[in-house]
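Here's the structure we're looking at; comments come further down.
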Amino acid sequence: MKKNSSNTMALTPTTSNKRETVCIFGTGDFGRALGHKLIQSGYPVVYGSRSTQISNLIPKDAEVLSHAEAAQKAAIIIIAIQRQHYNFLMPLAEVLHGKVLVDISNNLKLNQYPESNAEYLAQLLPGSKVVKAFNTVSAWALQSGTLDASRQVFVCGDDVQAKQMVMDIVRALGLTPLDKGSLLAAQEIENYPLQLFPMWRFPFFLSLGLTAFFFFYCLALDVIYTYIYENNNFSFFIAITIPNRVCPVMALILLALVYLPGIFAAIIQLYRGTKYRRFPNWLDKWMLCRKQLGLIALAFASLHAVFTLVFPLRAFVRWRISKGIISQALNNKTEPLDTTNAWISDSYLALGVLGYFLFVLLGITSLPSVSNNVNWREFRFVQSKLGYLSLIFCTAHTLVYGGKQFLSPSAYKWYLPNIYILSLIVPCAVLVVKFVLVFPCIDKPLTQIRQGWERNPKYSE
(Lines give C-alpha, C1' and ligand atoms only; values in the text may rest on other atoms or scores of the structure.)
Protein backbone atom coordinates (compact mmCIF):
# COMPACT_ATOMS: atom_id res chain seq x y z
CA MET A 1 0.00 0.00 0.00
CA LYS A 2 2.84 2.33 0.78
CA LYS A 3 4.51 1.65 -2.56
CA ASN A 4 1.31 2.22 -4.50
CA SER A 5 0.81 5.51 -2.69
CA SER A 6 4.22 6.74 -3.78
CA ASN A 7 3.43 5.85 -7.35
CA THR A 8 0.17 7.75 -7.21
CA MET A 9 1.99 10.77 -5.84
CA ALA A 10 4.41 10.57 -8.76
CA LEU A 11 1.52 10.85 -11.22
CA THR A 12 0.42 14.15 -9.73
CA PRO A 13 1.55 17.03 -11.99
CA THR A 14 4.29 19.02 -10.35
CA THR A 15 4.09 22.75 -10.15
CA SER A 16 7.83 23.31 -9.92
CA ASN A 17 10.14 23.87 -12.87
CA LYS A 18 12.11 20.71 -12.11
CA ARG A 19 11.59 17.95 -14.62
CA GLU A 20 10.53 14.54 -13.37
CA THR A 21 12.86 11.60 -13.88
CA VAL A 22 12.16 9.48 -16.95
CA CYS A 23 13.14 5.81 -17.12
CA ILE A 24 13.96 4.08 -20.41
CA PHE A 25 13.93 0.32 -20.81
CA GLY A 26 16.14 -0.46 -23.80
CA THR A 27 19.49 0.87 -24.96
CA GLY A 28 19.01 0.49 -28.70
CA ASP A 29 19.29 3.28 -31.27
CA PHE A 30 15.93 4.85 -30.46
CA GLY A 31 16.30 4.45 -26.69
CA ARG A 32 19.67 6.20 -26.76
CA ALA A 33 18.48 8.97 -29.11
CA LEU A 34 15.37 9.60 -27.01
CA GLY A 35 17.42 9.65 -23.80
CA HIS A 36 19.86 12.16 -25.27
CA LYS A 37 16.96 14.39 -26.38
CA LEU A 38 15.33 14.15 -22.95
CA ILE A 39 18.58 15.16 -21.22
CA GLN A 40 18.92 18.13 -23.57
CA SER A 41 15.38 19.15 -22.57
CA GLY A 42 16.25 19.05 -18.86
CA TYR A 43 14.90 15.64 -17.86
CA PRO A 44 16.91 13.35 -15.57
CA VAL A 45 17.17 10.01 -17.40
CA VAL A 46 17.79 6.58 -15.96
CA TYR A 47 18.22 3.50 -18.13
CA GLY A 48 17.02 0.08 -17.07
CA SER A 49 19.30 -2.54 -18.53
CA ARG A 50 20.42 -6.12 -18.00
CA SER A 51 23.98 -4.83 -17.80
CA THR A 52 24.59 -1.91 -15.44
CA GLN A 53 28.02 -1.14 -16.89
CA ILE A 54 28.33 2.33 -18.40
CA SER A 55 28.72 2.19 -22.19
CA ASN A 56 30.13 4.88 -24.47
CA LEU A 57 26.88 4.74 -26.43
CA ILE A 58 24.76 5.77 -23.45
CA PRO A 59 24.40 9.55 -22.94
CA LYS A 60 27.03 10.56 -20.41
CA ASP A 61 24.58 12.32 -18.08
CA ALA A 62 22.27 9.31 -17.85
CA GLU A 63 22.27 6.75 -15.06
CA VAL A 64 22.24 3.01 -15.77
CA LEU A 65 20.61 0.67 -13.24
CA SER A 66 18.88 -2.66 -13.20
CA HIS A 67 15.31 -2.71 -14.49
CA ALA A 68 13.77 -2.85 -11.02
CA GLU A 69 15.96 -0.09 -9.58
CA ALA A 70 15.44 2.15 -12.59
CA ALA A 71 11.66 1.69 -12.49
CA GLN A 72 11.52 2.69 -8.82
CA LYS A 73 13.16 6.04 -9.57
CA ALA A 74 10.61 7.22 -12.17
CA ALA A 75 6.87 7.47 -12.66
CA ILE A 76 7.18 7.35 -16.45
CA ILE A 77 8.89 4.37 -18.05
CA ILE A 78 9.49 4.32 -21.79
CA ILE A 79 9.48 0.76 -23.14
CA ALA A 80 11.97 0.91 -26.03
CA ILE A 81 11.99 -2.81 -26.76
CA GLN A 82 10.17 -5.09 -29.19
CA ARG A 83 6.95 -6.90 -28.35
CA GLN A 84 8.55 -10.36 -28.32
CA HIS A 85 10.67 -9.29 -25.30
CA TYR A 86 7.77 -7.96 -23.18
CA ASN A 87 7.72 -11.12 -21.05
CA PHE A 88 10.70 -9.94 -19.02
CA LEU A 89 8.40 -7.25 -17.57
CA MET A 90 6.18 -9.81 -15.85
CA PRO A 91 8.44 -10.22 -12.77
CA LEU A 92 8.45 -6.42 -12.46
CA ALA A 93 4.65 -6.16 -12.26
CA GLU A 94 4.68 -5.06 -8.62
CA VAL A 95 7.31 -2.38 -9.21
CA LEU A 96 5.51 -1.16 -12.35
CA HIS A 97 2.11 -1.01 -10.64
CA GLY A 98 0.64 2.50 -11.07
CA LYS A 99 3.50 3.59 -13.35
CA VAL A 100 3.02 5.17 -16.76
CA LEU A 101 4.38 2.81 -19.42
CA VAL A 102 5.01 4.44 -22.79
CA ASP A 103 4.95 1.87 -25.56
CA ILE A 104 6.94 3.03 -28.60
CA SER A 105 7.16 -0.24 -30.51
CA ASN A 106 6.29 -0.95 -34.14
CA ASN A 107 5.68 -4.12 -36.11
CA LEU A 108 7.14 -5.50 -39.34
CA LYS A 109 3.83 -5.58 -41.23
CA LEU A 110 0.32 -4.19 -41.01
CA ASN A 111 -1.95 -5.81 -38.40
CA GLN A 112 0.73 -8.34 -37.52
CA TYR A 113 -1.06 -9.31 -34.29
CA PRO A 114 -4.77 -9.47 -33.35
CA GLU A 115 -4.30 -6.66 -30.84
CA SER A 116 -1.91 -3.72 -30.82
CA ASN A 117 1.39 -3.92 -28.99
CA ALA A 118 0.17 -1.32 -26.50
CA GLU A 119 -3.00 -3.29 -25.75
CA TYR A 120 -0.93 -6.45 -25.34
CA LEU A 121 1.33 -4.62 -22.89
CA ALA A 122 -1.72 -3.41 -20.95
CA GLN A 123 -2.97 -7.01 -20.73
CA LEU A 124 0.38 -8.19 -19.37
CA LEU A 125 0.53 -5.41 -16.77
CA PRO A 126 -3.06 -4.47 -15.89
CA GLY A 127 -1.91 -2.39 -12.91
CA SER A 128 0.12 -0.03 -15.11
CA LYS A 129 -1.10 2.93 -17.15
CA VAL A 130 -0.11 2.22 -20.77
CA VAL A 131 0.23 5.08 -23.26
CA LYS A 132 1.14 4.70 -26.93
CA ALA A 133 3.52 7.38 -28.25
CA PHE A 134 6.75 8.14 -30.15
CA ASN A 135 6.41 5.21 -32.58
CA THR A 136 6.12 7.56 -35.58
CA VAL A 137 9.35 9.39 -34.73
CA SER A 138 12.68 7.96 -35.89
CA ALA A 139 15.98 7.93 -34.01
CA TRP A 140 17.47 9.96 -36.87
CA ALA A 141 14.80 12.66 -36.42
CA LEU A 142 15.62 12.95 -32.72
CA GLN A 143 19.37 13.10 -33.40
CA SER A 144 18.96 15.76 -36.11
CA GLY A 145 16.84 17.95 -33.87
CA THR A 146 13.60 17.15 -35.78
CA LEU A 147 14.39 20.04 -38.11
CA ASP A 148 14.04 17.92 -41.24
CA ALA A 149 11.29 15.55 -40.11
CA SER A 150 7.68 15.54 -39.04
CA ARG A 151 7.10 16.96 -35.55
CA GLN A 152 3.80 15.15 -35.00
CA VAL A 153 3.62 12.51 -32.28
CA PHE A 154 0.40 10.50 -32.04
CA VAL A 155 -0.60 9.71 -28.46
CA CYS A 156 -3.36 7.48 -27.13
CA GLY A 157 -4.21 5.90 -23.78
CA ASP A 158 -7.07 5.10 -21.44
CA ASP A 159 -5.78 7.15 -18.47
CA VAL A 160 -6.25 10.87 -19.14
CA GLN A 161 -3.72 12.02 -16.54
CA ALA A 162 -1.03 9.61 -17.75
CA LYS A 163 -1.62 10.64 -21.33
CA GLN A 164 -1.32 14.31 -20.37
CA MET A 165 2.04 13.65 -18.69
CA VAL A 166 3.35 11.99 -21.85
CA MET A 167 2.09 14.86 -24.03
CA ASP A 168 3.89 17.33 -21.73
CA ILE A 169 7.13 15.44 -22.42
CA VAL A 170 6.40 15.50 -26.15
CA ARG A 171 6.00 19.27 -26.07
CA ALA A 172 9.14 19.69 -23.98
CA LEU A 173 11.07 17.88 -26.72
CA GLY A 174 9.89 20.41 -29.30
CA LEU A 175 7.39 18.02 -30.87
CA THR A 176 3.65 18.31 -31.42
CA PRO A 177 1.41 15.77 -29.65
CA LEU A 178 -1.83 14.69 -31.31
CA ASP A 179 -4.32 13.06 -28.95
CA LYS A 180 -5.89 10.08 -30.77
CA GLY A 181 -8.12 9.04 -27.88
CA SER A 182 -8.20 5.74 -26.03
CA LEU A 183 -5.83 2.80 -26.35
CA LEU A 184 -8.12 1.35 -29.00
CA ALA A 185 -6.44 3.76 -31.44
CA ALA A 186 -3.03 2.12 -30.86
CA GLN A 187 -3.52 -0.35 -33.73
CA GLU A 188 -4.07 2.51 -36.16
CA ILE A 189 -1.09 4.45 -34.78
CA GLU A 190 1.16 1.40 -35.10
CA ASN A 191 0.10 1.00 -38.74
CA TYR A 192 1.10 4.56 -39.67
CA PRO A 193 4.86 3.94 -40.05
CA LEU A 194 4.19 0.84 -42.16
CA GLN A 195 2.09 2.59 -44.77
CA LEU A 196 4.07 3.48 -47.89
CA PHE A 197 2.81 6.87 -49.09
CA PRO A 198 -0.89 6.03 -48.52
CA MET A 199 -2.11 9.42 -49.75
CA TRP A 200 0.08 9.26 -52.85
CA ARG A 201 -1.27 6.07 -54.39
CA PHE A 202 -4.22 7.53 -56.26
CA PRO A 203 -2.32 10.64 -57.48
CA PHE A 204 0.66 8.49 -58.50
CA PHE A 205 -1.31 5.89 -60.46
CA LEU A 206 -3.52 8.57 -62.02
CA SER A 207 -0.45 10.53 -63.12
CA LEU A 208 1.23 7.39 -64.40
CA GLY A 209 -1.83 6.39 -66.42
CA LEU A 210 -2.35 9.87 -67.93
CA THR A 211 1.36 10.21 -68.71
CA ALA A 212 1.39 6.87 -70.55
CA PHE A 213 -1.75 7.83 -72.49
CA PHE A 214 -0.46 11.23 -73.59
CA PHE A 215 3.00 9.85 -74.39
CA PHE A 216 1.66 7.20 -76.77
CA TYR A 217 -0.85 9.73 -78.13
CA CYS A 218 2.01 12.07 -79.10
CA LEU A 219 4.08 9.15 -80.33
CA ALA A 220 1.30 8.16 -82.70
CA LEU A 221 0.74 11.68 -84.08
CA ASP A 222 4.28 13.09 -84.12
CA VAL A 223 6.39 10.03 -84.96
CA ILE A 224 4.29 7.22 -86.46
CA TYR A 225 2.02 9.48 -88.53
CA THR A 226 4.90 11.52 -90.00
CA TYR A 227 6.82 8.34 -90.80
CA ILE A 228 3.87 6.73 -92.62
CA TYR A 229 2.47 9.71 -94.51
CA GLU A 230 5.46 12.08 -94.79
CA ASN A 231 8.33 9.55 -94.80
CA ASN A 232 10.17 11.51 -92.09
CA ASN A 233 11.98 9.72 -89.28
CA PHE A 234 11.35 11.82 -86.17
CA SER A 235 11.92 8.98 -83.72
CA PHE A 236 14.37 11.20 -81.79
CA PHE A 237 11.34 13.22 -80.66
CA ILE A 238 10.94 10.55 -77.97
CA ALA A 239 13.86 12.01 -76.00
CA ILE A 240 12.87 15.69 -75.56
CA THR A 241 10.07 16.87 -77.86
CA ILE A 242 7.38 14.45 -76.71
CA PRO A 243 8.27 14.73 -72.98
CA ASN A 244 8.20 18.51 -73.34
CA ARG A 245 4.68 18.22 -74.69
CA VAL A 246 3.47 15.70 -72.14
CA CYS A 247 4.88 17.54 -69.09
CA PRO A 248 2.99 20.85 -69.52
CA VAL A 249 -0.18 18.98 -70.42
CA MET A 250 0.08 16.86 -67.27
CA ALA A 251 0.89 19.90 -65.12
CA LEU A 252 -2.16 21.78 -66.40
CA ILE A 253 -4.58 18.86 -66.10
CA LEU A 254 -3.40 17.87 -62.61
CA LEU A 255 -3.60 21.48 -61.44
CA ALA A 256 -7.18 21.60 -62.69
CA LEU A 257 -7.91 18.31 -60.92
CA VAL A 258 -6.79 19.94 -57.66
CA TYR A 259 -9.68 22.42 -57.88
CA LEU A 260 -12.26 20.25 -59.63
CA PRO A 261 -13.39 18.40 -56.43
CA GLY A 262 -14.08 21.77 -54.80
CA ILE A 263 -16.38 22.57 -57.74
CA PHE A 264 -18.17 19.23 -57.30
CA ALA A 265 -18.50 19.84 -53.55
CA ALA A 266 -20.06 23.27 -54.12
CA ILE A 267 -22.55 21.88 -56.64
CA ILE A 268 -23.52 19.02 -54.30
CA GLN A 269 -24.03 21.39 -51.37
CA LEU A 270 -26.16 23.70 -53.49
CA TYR A 271 -28.23 20.76 -54.69
CA ARG A 272 -28.71 19.31 -51.20
CA GLY A 273 -29.13 22.66 -49.48
CA THR A 274 -27.05 21.58 -46.48
CA LYS A 275 -23.48 20.94 -45.41
CA TYR A 276 -24.45 18.31 -42.83
CA ARG A 277 -24.41 15.35 -45.21
CA ARG A 278 -21.25 13.49 -46.13
CA PHE A 279 -19.88 13.79 -49.61
CA PRO A 280 -19.65 10.63 -51.70
CA ASN A 281 -16.71 8.44 -50.71
CA TRP A 282 -14.90 9.03 -54.02
CA LEU A 283 -15.12 12.80 -53.54
CA ASP A 284 -13.85 12.57 -49.95
CA LYS A 285 -10.80 10.59 -51.08
CA TRP A 286 -10.23 12.96 -54.00
CA MET A 287 -10.30 16.03 -51.75
CA LEU A 288 -7.87 14.44 -49.28
CA CYS A 289 -5.21 13.91 -51.96
CA ARG A 290 -5.37 17.38 -53.57
CA LYS A 291 -2.05 18.37 -52.03
CA GLN A 292 -0.33 15.36 -53.57
CA LEU A 293 -1.91 16.06 -56.96
CA GLY A 294 -0.66 19.64 -56.79
CA LEU A 295 2.90 18.63 -55.90
CA ILE A 296 3.02 16.12 -58.77
CA ALA A 297 1.69 18.83 -61.08
CA LEU A 298 4.47 21.14 -59.86
CA ALA A 299 7.02 18.43 -60.64
CA PHE A 300 5.72 18.16 -64.23
CA ALA A 301 5.77 21.97 -64.58
CA SER A 302 9.38 22.05 -63.37
CA LEU A 303 10.36 19.37 -65.88
CA HIS A 304 8.68 21.41 -68.62
CA ALA A 305 10.71 24.48 -67.61
CA VAL A 306 13.96 22.50 -67.75
CA PHE A 307 13.12 20.89 -71.09
CA THR A 308 12.27 24.32 -72.51
CA LEU A 309 15.60 25.76 -71.39
CA VAL A 310 17.58 22.98 -73.12
CA PHE A 311 15.41 23.09 -76.26
CA PRO A 312 17.72 25.48 -78.21
CA LEU A 313 20.71 23.16 -77.58
CA ARG A 314 19.22 20.35 -79.65
CA ALA A 315 20.84 19.43 -82.97
CA PHE A 316 17.42 19.42 -84.64
CA VAL A 317 16.74 23.04 -83.61
CA ARG A 318 20.19 24.22 -84.68
CA TRP A 319 19.74 22.45 -88.04
CA ARG A 320 16.35 24.06 -88.59
CA ILE A 321 17.69 27.55 -87.76
CA SER A 322 20.73 27.16 -90.02
CA LYS A 323 18.52 25.83 -92.80
CA GLY A 324 16.32 28.93 -92.58
CA ILE A 325 19.35 31.24 -92.67
CA ILE A 326 20.81 29.47 -95.69
CA SER A 327 17.43 29.57 -97.45
CA GLN A 328 17.24 33.34 -96.96
CA ALA A 329 20.82 33.78 -98.21
CA LEU A 330 20.22 31.69 -101.34
CA ASN A 331 17.04 33.61 -102.12
CA ASN A 332 18.73 36.91 -101.25
CA LYS A 333 15.74 37.79 -99.16
CA THR A 334 15.45 38.65 -95.47
CA GLU A 335 12.16 37.92 -93.78
CA PRO A 336 10.93 40.97 -91.82
CA LEU A 337 10.05 40.70 -88.16
CA ASP A 338 6.45 39.67 -87.65
CA THR A 339 5.41 41.80 -84.68
CA THR A 340 2.17 39.86 -84.29
CA ASN A 341 4.05 36.61 -83.78
CA ALA A 342 6.52 38.43 -81.55
CA TRP A 343 3.67 39.60 -79.33
CA ILE A 344 2.19 36.10 -79.23
CA SER A 345 5.59 34.60 -78.38
CA ASP A 346 6.33 37.09 -75.61
CA SER A 347 2.82 36.83 -74.19
CA TYR A 348 3.07 33.04 -74.19
CA LEU A 349 6.38 33.15 -72.31
CA ALA A 350 5.22 35.83 -69.86
CA LEU A 351 2.06 33.90 -68.99
CA GLY A 352 4.12 30.75 -68.52
CA VAL A 353 6.58 32.48 -66.18
CA LEU A 354 3.80 34.05 -64.10
CA GLY A 355 1.89 30.79 -63.92
CA TYR A 356 4.98 28.84 -62.89
CA PHE A 357 5.88 31.44 -60.25
CA LEU A 358 2.47 31.12 -58.61
CA PHE A 359 2.71 27.34 -59.01
CA VAL A 360 5.95 27.30 -57.03
CA LEU A 361 4.40 29.59 -54.41
CA LEU A 362 1.55 27.10 -53.98
CA GLY A 363 4.04 24.27 -53.55
CA ILE A 364 6.09 26.16 -50.96
CA THR A 365 2.99 27.12 -48.97
CA SER A 366 1.87 23.48 -48.81
CA LEU A 367 5.04 22.51 -46.92
CA PRO A 368 4.29 21.90 -43.21
CA SER A 369 7.13 24.19 -42.10
CA VAL A 370 5.52 27.06 -44.04
CA SER A 371 1.83 26.29 -43.57
CA ASN A 372 2.32 26.09 -39.79
CA ASN A 373 3.47 29.72 -39.79
CA VAL A 374 0.44 31.19 -41.55
CA ASN A 375 -3.12 31.44 -40.28
CA TRP A 376 -6.04 29.75 -41.97
CA ARG A 377 -7.15 32.86 -43.86
CA GLU A 378 -3.66 33.41 -45.31
CA PHE A 379 -3.33 29.75 -46.25
CA ARG A 380 -6.73 29.74 -47.93
CA PHE A 381 -5.93 32.95 -49.82
CA VAL A 382 -2.76 31.44 -51.28
CA GLN A 383 -4.17 28.00 -52.00
CA SER A 384 -7.53 29.21 -53.35
CA LYS A 385 -7.25 32.72 -54.76
CA LEU A 386 -3.65 32.52 -55.99
CA GLY A 387 -4.24 28.90 -56.98
CA TYR A 388 -7.05 29.82 -59.34
CA LEU A 389 -4.95 32.70 -60.65
CA SER A 390 -2.16 30.24 -61.38
CA LEU A 391 -4.65 28.01 -63.21
CA ILE A 392 -5.82 31.00 -65.26
CA PHE A 393 -2.25 31.93 -66.23
CA CYS A 394 -1.31 28.35 -67.12
CA THR A 395 -4.51 27.88 -69.16
CA ALA A 396 -3.91 31.17 -70.98
CA HIS A 397 -0.29 30.10 -71.56
CA THR A 398 -1.52 26.96 -73.32
CA LEU A 399 -4.25 28.84 -75.23
CA VAL A 400 -1.82 31.40 -76.61
CA TYR A 401 0.63 28.67 -77.64
CA GLY A 402 -1.81 26.27 -79.26
CA GLY A 403 -4.88 28.42 -79.88
CA LYS A 404 -4.45 28.51 -83.64
CA GLN A 405 -4.47 24.73 -83.78
CA PHE A 406 -8.20 24.64 -83.05
CA LEU A 407 -8.90 25.97 -86.57
CA SER A 408 -5.99 24.38 -88.43
CA PRO A 409 -7.00 21.24 -90.37
CA SER A 410 -3.37 20.06 -90.40
CA ALA A 411 -3.47 19.81 -86.61
CA TYR A 412 -6.00 16.98 -86.79
CA LYS A 413 -3.86 14.02 -87.82
CA TRP A 414 -5.94 10.88 -88.20
CA TYR A 415 -8.85 13.20 -87.26
CA LEU A 416 -7.46 13.37 -83.73
CA PRO A 417 -7.05 16.75 -81.97
CA ASN A 418 -3.65 18.01 -80.90
CA ILE A 419 -2.56 17.19 -77.35
CA TYR A 420 -2.82 20.87 -76.36
CA ILE A 421 -6.49 20.89 -77.32
CA LEU A 422 -7.13 17.90 -75.06
CA SER A 423 -5.26 19.54 -72.19
CA LEU A 424 -7.63 22.53 -72.18
CA ILE A 425 -10.85 20.59 -71.64
CA VAL A 426 -10.63 20.08 -67.86
CA PRO A 427 -9.08 23.45 -66.85
CA CYS A 428 -11.48 25.43 -69.05
CA ALA A 429 -14.44 23.54 -67.60
CA VAL A 430 -13.20 24.24 -64.05
CA LEU A 431 -12.71 27.95 -64.74
CA VAL A 432 -16.09 28.35 -66.45
CA VAL A 433 -18.00 26.67 -63.62
CA LYS A 434 -16.00 28.59 -61.01
CA PHE A 435 -16.86 31.82 -62.83
CA VAL A 436 -20.55 30.92 -62.59
CA LEU A 437 -20.25 30.01 -58.89
CA VAL A 438 -18.88 33.46 -57.98
CA PHE A 439 -22.03 35.18 -59.23
CA PRO A 440 -23.74 36.78 -56.19
CA CYS A 441 -27.00 34.93 -56.84
CA ILE A 442 -25.13 31.61 -56.42
CA ASP A 443 -22.27 32.58 -54.11
CA LYS A 444 -24.56 34.05 -51.43
CA PRO A 445 -26.70 30.91 -50.82
CA LEU A 446 -23.58 28.73 -51.02
CA THR A 447 -21.91 30.85 -48.34
CA GLN A 448 -25.02 30.62 -46.16
CA ILE A 449 -25.06 26.82 -46.51
CA ARG A 450 -21.40 26.61 -45.50
CA GLN A 451 -22.20 28.77 -42.47
CA GLY A 452 -24.85 26.31 -41.29
CA TRP A 453 -28.06 27.37 -43.06
CA GLU A 454 -30.18 24.49 -44.35
CA ARG A 455 -32.89 24.39 -46.97
CA ASN A 456 -34.33 21.23 -45.40
CA PRO A 457 -33.29 20.86 -41.72
CA LYS A 458 -34.22 17.15 -41.56
CA TYR A 459 -30.81 16.23 -42.97
CA SER A 460 -29.07 17.59 -39.87
CA GLU A 461 -30.62 14.94 -37.66
At what distance in nm do the modelled label points of Leu399 and Val432 sit from each other, each positioned 7 Å from its Cα along Cα→Cβ?
1.2
Which chymotrypsin sites (Phe, Trp or Tyr not before Pro) in segment 359-451 sit in a loop by DSSP (not H, G, I, E or B) and have at most 12 other Cβ atoms within 10 Å of their own Cβ?
Trp414, Tyr415
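Among Lys37/Lys60; Lys180/Lys285; Lys291/Lys385; Lys99/Lys163; Lys180/Lys275, which pairs are too far apart, with a Cα-Cα distance over 18 Å?
Listed pairs above 18 Å: Lys180/Lys285; Lys180/Lys275.
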Once you have the Cα-Cα distance between Gln328 and Glu188, take 0.36 nm times their residue separation minus that, and quote the gain in nm to one decimal.
43.3 nm
Can you list the aspartates and glutamates whose alpha carbon sits under 12 Å from that of Lys434, skipping same-chain ones fewer than 8 residues off?
Asp443
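Go through Val46, Val360 and list them by solvent-accessible area, largest first, probe radius 1.4 Å.
Result of the area sort, largest leading: Val360, Val46.
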With every protein chain kept in place and a 1.4 Å probe, the chain has an accessible area per residue in Å² of 57
DSSP loop (so not H, G, I, E, B), at most 14 other Cβ within 10 Å: list which trypsin sites (Lys or Arg not before Pro) in segment 19-115 pass both filters.
Arg50, Lys60, Lys109
Of Phe279, Val400, Val153, which is farthest towards the positive pole of the chain's charge dipole, taken about the Cα centre with +1 and -1 on the beta-carbons of Lys, Arg and Asp, Glu respectively?
Val400
Once Lys and Arg get +1 and Asp and Glu get -1 on their Cβ, which of Val432, Gly352, Cys218 lies farthest toward the positive end of the dipole of segment 198-451?
Val432
Mean shadow of the chain, computed from the convex hull of its alpha carbons, in nm²?
32.9
Cα-based helix-to-principal-axis angle, 160-172 vs the chain, degrees rounded to 10
60
Each residue of segment 316-326 in order: what ³J(HN,Hα) in whole Hz does its phi give by Karplus 6.51 cos²θ - 1.76 cosθ + 1.60, θ = phi - 60°, with x for Gly and Pro?
5, 5, 4, 5, 5, 5, 5, 5, x, 5, 5
Can you list residues whose amide H is under 5 Å from Val102's amide H, if they're 5+ apart or on another chain and H is modeled 1.01 Å from N?
Ile77, Ile78, Ile79, Val131
Please state, to two decimals, what the Cα-based radius of gyration of segment 22-194 comes to when divided by 2.2 N^0.38 Å (N = residues).
0.94
Estimate the FRET efficiency between Trp140 and Phe213 by the formula 1/(1 + (r/R0)^6), using the beta-carbon distance for r and 45 Å for R0, to the nearest 0.05.
0.70
Nearest-0.05 FRET efficiency for Leu57 and Tyr415, computed from C-beta distance (R0 45 Å)
0.05
Computing the accessible area with a 1.4 Å probe over protein heavy atoms, can you report the carbon and sulfur percentage for the chain?
62
Extension gain from Asn281 to Ser384, taking 0.36 nm per residue of separation minus the Cα-Cα distance
34.8 nm
Pull up the DSSP beta bridges for segment 22-194 and report the antiparallel fraction as a percent, rounded to 5.
10
Positive-pole candidate from Gly294, Gln448, Gly387, dipole of segment 198-451, charges at beta carbon
Gln448
Cα point-scatterer Debye curve for segment 331-461, base-10 log of I(q)/I(0) at q = 0.11, 0.21 Å⁻¹:
-0.64, -1.23
Compare His67, His36, His97 by solvent-accessible area with a 1.4 Å probe and give them largest first, with all protein chains kept in place.
His36, His97, His67
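The values are calculated or read from the model by the stated rules, or taken from the named source; none is laboratory data. Note that the structure is a prediction, hence the values are computed from the model and not measured. Ideal geometry is used to build each Cβ from the backbone, glycine not excepted, and the neighbour counts take in all protein chains shown. Surface areas here come from the heavy atoms of the whole protein model, side chains and all, with no ligands, DNA or RNA. Shrake-Rupley method; radii C 1.70, N 1.55, O 1.52, S 1.80 Å.
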